[in-house]
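Okay, so here's the structure we're looking at.
Only the coordinates and a few stated rules stand behind these numbers; no lab work does. Only a predicted model underlies this, so the values are computations on that prediction, with no experimental measurement involved. Virtual Cβ from ideal backbone geometry, glycine too; neighbours counted across all protein chains shown.
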Amino acid sequence: MRVDIVTIFPAFFDVLNVSLIGKARDRGILNLNVHDLREWTQDRHHTVDDTPYGGGAGMVMKPEPWGEALDSLLSPDAVLLVPSPAGERFSQPLARELAGEDHLVFACGRYEGIDQRVVDHFAARGRVRLVSLGDYVLNGGEVAAMAIIEAVSRLIPGVVGNPMSLVEESHEADGLLEYPSYTKPAVWRDLHVPPVLLSGNHGAIATWRHEQSMQRTVQNRPDLLGE
Ligand SMILES: COc1cccc(COC(=O)c2cn[nH]c2)c1
C-alpha cells in the first residue's frame with residue numbers, strides 16, 4: 001500500500017519511522033511518504049491560509065496549494081482522506097475497508113479547515129472521504145491521520161507479527177468490547193487473576209470472556225447493543 005500525507009507539519013509524522021510502521025516501511029509492505037504543503041505554494045511567504053469569505057473567526061486554507069499538491073500526488077485509484085469533525089465516523093469496518101486499498105492520500109487540514117472547493121473538485125474526479133475520529137475538535141488533521149494510518153496499516157498482512165492478535169479485538173469479532181486481560185504473576189498486590197483463567201477449561205474460559213465482554217459493553221458502550 002502507498003500512503004501519501006500532505007501537511008504543514010511534516011515533522012509531526014517522524015514517529016511513523018519507529019515501531020511496527022517503521023518495520024513495515026523497511027520491508028516495503030507500506031510505502032509511506034510525508035509532504036509539506038508549502039512545497040506547492042508560489043509566493044515568497046509560502047502562504048497557505050487566508051481570511052474566510054462571509055466573515056467569522058480564524059483562517060481558511062487556500063485552495064491553490066492543495067490543488068497543486070493533490071494534482072501531483074493522487075492516482076486514479078487513490079482514496080483522498082480528509083480528517084474533519086464534519087466527516088463520517090471512523091470505525092473498524094472502515095479501517096478494514098481502507099486496508100484493502102492500494103493508495104491512500106491524507107489531506108491534513110489546519111485552522112478552520114480547507115476551502116470546500118478542494119473537496120468538491122477532487123470528489124468530482126475520484127474518491128474523497130471526510131473522516132471524523134469523534135465528536136471533538138483538534139487543531140489539525142495530523143493526529144487523526146496518524147490514528148487512521150495505525151488502525152489501517154496494522155490490518156495489512158505482514159505489518160503485525162501475530163495475525164491472530166487482530167481477531168479478538170474490540171469491535172472486531174462480535175461487535176462487543178474486548179474482555180479484560182491478565183498475565184503473570186497470579187497474585188499482584190493481593191489481587192488475584194480470575195481462577196477460571198488458570199483452570200485450563202477452555203470452554204469455561206470462553207464463556208467467562210464473553211460474559212465479561214457483554215458486561216463491559218453494557219456498562220461503557222450500550223450504543224453498540226442498539227440500546
Ligand atoms: C479539514 O478541516 C478541519 C477543520 C478543523 C479541524 C480539523 C482536524 O480534524 C479534527 O479536528 C477531527 C477529526 N476527527 N475528529 C476531529 C480539520
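About the centre of its Cα atoms, the chain shows a dipole size close to 580 debye [charges on the beta carbon of Lys, Arg (+1) and Asp, Glu (-1) only; nearest 20 debye].
What relative contact order, as a whole-number percentage, does the chain give when Cα pairs under 8 Å and 6 or more residues apart are counted? Could the numbers behind the result be given before it?
Values: 316 pairs, mean separation 43.0, N = 227.
So the answer I get is 19 percent.
Taking the Cα centre of region 6-75 as origin, sum charge times position over the Cβ atoms of Lys and Arg (+1) and Asp and Glu (-1), and report the length of that vector in debye to the nearest 20. Mind showing how you got there, number by number?
Working: 6 positive and 10 negative charges, 73 e Å.
Using Cβ point charges on Lys, Arg, Asp and Glu, region 6-75 gives about 340 debye.
Here each label is just a point 7 Å from Cα along the line to Cβ, and for A186 and V143 those points are 4.3 nm apart.
Just subtract the alpha-carbon distance of E101 and D174 from 0.36 nm times their residue separation and send over the number in nm, one decimal. List each step's numbers first, then the result.
On the way: separation 73, 0.36 × 73 = 26.28 nm, distance 2.42 nm.
Result: 23.9 nm gained on full extension.
Hey, any idea what the orientation-averaged projected area of the convex hull of the chain's Cα atoms comes to, in nm²? Intermediate results must be reported in sequence, preceding the final value.
Details: hull surface 67.5 nm².
Projected over every direction and averaged, the Cα hull of the chain covers 16.9 nm².
Quick check on the chain: of the DSSP beta bridges with both residues there, what percent are antiparallel, nearest 5%?
Numbers: 5 of 27 bridges.
Restricted to the chain, the bridges split so that about 20 percent are antiparallel.
Given the -39500 (n - 2.57) contribution per DSSP H run of 4+ residues, what per-residue ellipticity at 222 nm results for the chain, rounded to the nearest 500 deg cm²/dmol? Display every interim value, and only then the final one.
On the way: 6 runs with 66 residues, N = 227.
Calculated at 222 nm, the ellipticity per residue is -9000 deg cm²/dmol.
Just checking the listed ones, V196, V119, V128: in the Gaussian network model of the chain with Cα springs under 10 Å, the one fluctuating most is V196.
Between the listed residues P180, M59, A86, the Cα displaced farthest toward the positive end of the dipole of the chain, a dipole computed from Cβ unit charges relative to the Cα centre, is found at P180. The simple Förster model, with R0 at 22 Å and r as the Cβ-Cβ distance, assigns D43 and Q116 a FRET efficiency of 0.50.
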